[in-house]
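Visitor: Before I ask anything, here is the structure I am working with.
The values are calculated or read from the model by the stated rules, or taken from the named source; none is laboratory data. Here the structure is a predicted model, which means the values were calculated and not measured. FYI the Cβ positions are ideal-geometry reconstructions off the backbone, even for glycines, and counts take in every protein chain you see.
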Amino acid sequence: MLPDNPQLPHSLPGTDQRFTFAVDRLTDAVIGRASDLFIEDKQSRAKEIHAKVAGRRILVVGGAGSIGSATVKELAAFAPAALHVIDHDENGLAELVRDMRSSDAEFAVDDFRLLPLDFGSPVMRGFLEEAGPYDLVLNFAAVKHVRSEKDAFSLLQLLDTNVVKAARFLRWLSQFSRPCRYFSVSTDKAADPASLMGASKRIMEHLLFSGEVVSAPDLVLTSARFPNVAFSQGSLLHSFLKRLEKSQPLAAPRETRRYLISGREAGQLCLLAAVCGPANHLVIPRLDPDRHVATLDSVARKVLELYGFRPRLYESESAAKTGLQSDVAQGFYPLLLTPLDTSGEKPIEEFLSSGEEVVEIGMAGLVAVKYRPSAPETLSEFLKWIEDAVEGEIPAPTKKGIIRSMKAIVPELRHTQRGRSLDERM
């Protein structure tokens, strides 16, 4: 059980249950590992990390999110000369600096700047020209939700962030920075993607490594595919906590299995991939499906048990909502179980696409995949077409038209269009 050390007291209707626990402790309790998966590699590579980070100038884009902020904290511990963090979420930046300044760990960064910038805007270009060059650049900026592919306009915004702006930023970086290491985060959903979000990250891998769109001989380019980060902002697990805060039923899909890592582990993974990963490779975790996979509904049950409730299962949204008051009064909490019938979702994610092979990189918890090209000759044309559509230079394409063009670059895309989106779920 979790220690009764909540961040904030909160009472559910009909009970004095205090349930808002520190997320790190909740994550540890749900995942149930004795130690972090990548701590051994971080310790064994500490000298290499120190040599490449201490006294260096570092830029982190999208650093206010769950994964970016965890990585920023890892980097700060190695005393870089400059650590600049970019994110359009100014509230997230404020929370990050408060968190870091309030930590017990010594803060050893003299030039620590946080700027609420759009990484693909002209303002960002001007900032790079003035503030650069950097020794290490990490890019976490992304539209990450499968629900963001529901229509043509949402899909265009997803591609603008994950592909168009990523290419624009990389061009600027190669123009204004001296030779450096550049890391851009990917996802397990990019491997044999079933979602358009995953396919957009596979396209990002192509623009990063193929040389078709950006030729950057002075940059050492790396990436990483990684699994779900437990209780990260906006995730299903995070929604469990938000629903408890708001006295709403929990909801989870049936028979949906996911690899889960903690926020700390995500930061360690990205630190190792960015600083120690081999050029033109995607770093992936060495995970065992028998030990590191959990079903999402089992996690929901575990969360409820940790907060002192027994789950009461429902298949009807209305019944789950109307039953909440009486369930809580009896020590139960409603958990709505839904079928996996929304577009773009897989029963379980993978890290390898068909034809890809694992490469050992001398780490206990991490391996790598060498970049494998796939129809890169169409990439620059696709990028120009999407950019023109976003800028209104051409009529807005249909969703079917965008998917057809994406499949020309990602032929392994098997989009599961089920006619129902996550926005139609509770």
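Visitor: Just give me the residues in segment 332-374 being over 24 Å from Val146 (Cα atoms), of a type in the set (Gly, Ala, Ser) and assigned to a loop (DSSP other than H, G, I, E, B), in sequence order.
Guide: Residues satisfying the conditions are Gly355, Gly362, Ala364, Gly365.
Visitor: Test each condition in (1) free of Cβ contacts under 8 Å to residues at least 12 places away in the same chain; (2) touching a helix residue (DSSP H, G or I) at 6+ places or on another chain (Cβ under 8 Å) for Val214 and report the one that comes out false.
Guide: Going through (1) free of Cβ contacts under 8 Å to residues at least 12 places away in the same chain; (2) touching a helix residue (DSSP H, G or I) at 6+ places or on another chain (Cβ under 8 Å) one by one, Val214 breaks only (1).
Visitor: Further question: Which members of segment 315-343 meet the condition of being crowded, with 17+ Cβ neighbours inside 10 Å, among the small types (Gly, Ala, Ser) and out of contact with any strand residue (DSSP E or B) (no Cβ under 8 Å at 6 or more places or on another chain)? Give the derivation first.
Guide: First, pick out the residues of segment 315-343 that are crowded, with 17+ Cβ neighbours inside 10 Å: 320, 323-324, 327-328, 332-338, 342-343.
In the following step, the residues that additionally are among the small types (Gly, Ala, Ser) were identified as 320, 323, 343.
Ser343 - this is the single residue of segment 315-343 that is crowded, with 17+ Cβ neighbours inside 10 Å, among the small types (Gly, Ala, Ser) and out of contact with any strand residue (DSSP E or B) (no Cβ under 8 Å at 6 or more places or on another chain).
Visitor: Looking at (1) crowded, with 16+ Cβ neighbours inside 10 Å; (2) under 21 Å from the mean Cα position of the chain (by Cα), which is the one condition that is false for Arg312?
Guide: (2)
Visitor: Quick check: anything in segment 384-402 surrounded by fewer than 18 Cβ atoms within 10 Å (Cβ to Cβ), under 17 Å from His281 (Cα atoms) and touching a residue at least 40 places away in the same chain (Cβ under 8 Å)?
Guide: no
Visitor: Next question, about the same structure. From the residues in segment 228-249 that are at pLDDT 90 or above and within 19 Å of Lys201 (Cα to Cα), which one is surrounded by the most Cβ atoms within 10 Å (Cβ to Cβ)?
Guide: Residue satisfying both the conditions and the ranking: Val229.
Visitor: For segment 307-332, which positions are among the aromatic types (Phe, Trp, Tyr) and at pLDDT 95 or above?
Guide: Answer for segment 307-332, where residues must be among the aromatic types (Phe, Trp, Tyr) and at pLDDT 95 or above: Phe309, Tyr314, Phe332.
Visitor: Now a separate question. Given segment 235-310, what helices (runs of 4 or more DSSP H) lie entirely inside it while holding 3 or more residues that are on the phi < 0 side of the Ramachandran plot and without any contact (Cβ under 8 Å) to a residue 24 or more places away in the chain?
Guide: Numbers: elements: 236-245, 263-276, 296-306.
Those helices (runs of 4 or more DSSP H) span 236-245.
Visitor: Let me ask another. For segment 223-244, what are the residues that are closer than 21 Å to Ala22 by Cα and in contact with a Leu (Cβ under 9 Å, 6 or more places away or on another chain)?
Guide: Looking only at segment 223-244, we keep the residues that are closer than 21 Å to Ala22 by Cα, and these are 228-244.
If the condition is that a residue be closer than 21 Å to Ala22 by Cα and in contact with a Leu (Cβ under 9 Å, 6 or more places away or on another chain), then Asn228, Val229, Ala230, Phe231, Leu236, Leu237, Ser239, Phe240, Leu241, Arg243, Leu244 are the ones that fit.
Visitor: Hey, another quick one. Residues being in contact with a strand residue (DSSP E or B) (Cβ under 9 Å, 6 or more places away or on another chain) and either buried (at least 16 other Cβ atoms within 10 Å of the Cβ) or part of a loop (DSSP other than H, G, I, E, B) (or both): count how many of those fall in segment 59-96.
Guide: Residues that pass the stated criteria total 25.
Visitor: Could you check segment 29-38 and list, in sequence order, the residues that are within 20 Å of the chain's Cα centre (by Cα) and either assigned to a helix (DSSP H, G or I) or at positive phi (or both)?
Guide: The answer is Val30, Ile31.
Visitor: Could you please let me know if Ser262 is polar (S, T, N, Q), farther than 28 Å from Phe153 by Cβ, surrounded by fewer than 24 Cβ atoms within 10 Å (Cβ to Cβ) and touching a helix residue (DSSP H, G or I) at 6+ places or on another chain (Cβ under 7 Å)?
Guide: yes
Visitor: Going by the structure shown, is Leu379 crowded, with 19+ Cβ neighbours inside 10 Å, at pLDDT 95 or above and under 22 Å from Val185 (Cβ atoms)? I'd like the intermediate steps shown before the answer.
Guide: Details: crowded, with 19+ Cβ neighbours inside 10 Å: yes; at pLDDT 95 or above: no; under 22 Å from Val185 (Cβ atoms): yes.
Judged against the criteria, Leu379 is not a match.
Visitor: What are the pairs with Cβ atoms under 7 angstrom where one residue, in segment 69-94, is over 18 Å from Phe231 (Cβ atoms) and among the aromatic types (Phe, Trp, Tyr) and the other, located anywhere, is assigned to a helix (DSSP H, G or I) and at pLDDT 95 or above? Sequence gap at least six, or different chains.
Guide: Close Cβ pairs (under 7 Å, with a partner that is assigned to a helix (DSSP H, G or I) and at pLDDT 95 or above) amount to Phe78/Ile49; Phe78/His50; Phe78/Val53.
Visitor: Oh, and also: Please go through segment 164-212 and pick out each residue that is crowded, with 24+ Cβ neighbours inside 10 Å, over 16 Å from the mean Cα position of the chain (by Cα) and not in a helix (DSSP H, G or I).
Guide: Scanning segment 164-212 gives a single hit, Tyr182.
Visitor: Among the residues of segment 13-55, how many are aliphatic (A, V, I, L, M), modelled with pLDDT of 90 or more and surrounded by fewer than 19 Cβ atoms within 10 Å (Cβ to Cβ)?
Guide: 4
Visitor: Pairs, please: C-beta under 8 Å, at least 6 apart or cross-chain, first residue in contact (Cβ under 8 Å) with a residue 24 or more places away in the chain and in segment 345-362, second exposed (fewer than 13 other Cβ atoms within 10 Å of the Cβ) and of a type outside the set (Gly, Ala, Ser)?
Guide: Pro347/Glu255; Ile348/Pro289
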